[in-house]
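Data first, discussion second: the structure below is written as structure tokens.
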């Protein structure tokens, strides 16, 4: 077995990462490719915790801006993350990877309630855990949930999967002069308003010295390359 750089990681996937080229929902081919990479990474001996967003179905903050009650909208967004988590669990288990979905909102028919000790035990037993429904609280994004859960499960790194190659000086999709920044500090991210994660998530990682690796999940093999110590994407740290 190859020697890996990280033994336990938390991967934050956006809901949009599961859409592929669609405008809505889950693309079977995309969730299959993501699952293949996760299974391959797990076979390296890496313990996997996953947090999936729900933006491919519903965004609470956007709905609140359209005169929906913010608390109700955020709870709807949390349920969207549970839909994605169950779909990812199905894809992973069909590939032979034992998984558990743990939800911050209690829906016992489809997911276990999130309990930190139970989550740690699943990881120790070699299961991948999918952490659904954010923190269970409104006004907190899945970025913040990923940062919190990374600390709770004692991950060595928070992996932020995106559709670009890392952290840029500006939005690379609209600014052709945007430059890739390979290494950057937490404070610089906050001060320059770089698009990595929301400020709450960045501050939480900074306070607890949790490194954030930002990389392009659409490039096949990137996740494995990071695990094997290759310089892929950007690293946010002290």
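The values are calculated or read from the model by the stated rules, or taken from the named source; none is laboratory data. These numbers were taken from a predicted model, which means no experiment stands behind them. Neighbour counts are summed over all protein chains in view; Cβ atoms, including those assigned to glycine, are modelled from backbone coordinates with ideal geometry.
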Check your understanding: Is it true that residue 40 is touching a strand residue (DSSP E or B) at 6+ places or on another chain (Cβ under 9 Å), modelled with pLDDT of 95 or more, surrounded by fewer than 17 Cβ atoms within 10 Å (Cβ to Cβ) and farther than 22 Å from residue 152 by Cα?
Key -> no
Check your understanding: residue 196: closer than 30 Å to residue 89 by Cα, surrounded by 14 or more Cβ atoms within 10 Å (Cβ to Cβ) and either touching a strand residue (DSSP E or B) at 6+ places or on another chain (Cβ under 8 Å) or modelled with pLDDT under 95 (or both), yes or no?
Key -> yes
Review point. Can you tell me which residues in the stretch 199-227 are buried (at least 17 other Cβ atoms within 10 Å of the Cβ), part of a loop (DSSP other than H, G, I, E, B) and modelled with pLDDT of 95 or more?
Key: 210, 211
Exercise for review: Please indicate, with yes or no, whether at least one residue in the stretch 64-72 is in contact (Cβ under 8 Å) with a residue 12 or more places away in the chain, farther than 27 Å from residue 208 by Cβ and in contact with a strand residue (DSSP E or B) (Cβ under 6 Å, 6 or more places away or on another chain).
Suggested key: no
Check your understanding: Within the stretch 82-91, can you find the residues that are touching a residue at least 60 places away in the same chain (Cβ under 8 Å) and either more than 13 Å from residue 14 (Cα to Cα) or out of contact with any helix residue (DSSP H, G or I) (no Cβ under 6 Å at 6 or more places or on another chain) (or both)?
Key -> 87, 88, 91
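Hand me the list of helices (runs of 4 or more DSSP H) wholly inside the stretch 53-164 holding 2 or more residues that are at pLDDT below 95 and surrounded by 18 or more Cβ atoms within 10 Å (Cβ to Cβ).
Per the criteria, 60-64, 70-93.
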Practice item. With the checklist (1) in contact (Cβ under 8 Å) with a residue 40 or more places away in the chain; (2) within 15 Å of the chain's Cα centre (by Cα); (3) on the phi < 0 side of the Ramachandran plot in hand, flag the one item residue 152 doesn't pass. Key: (1)
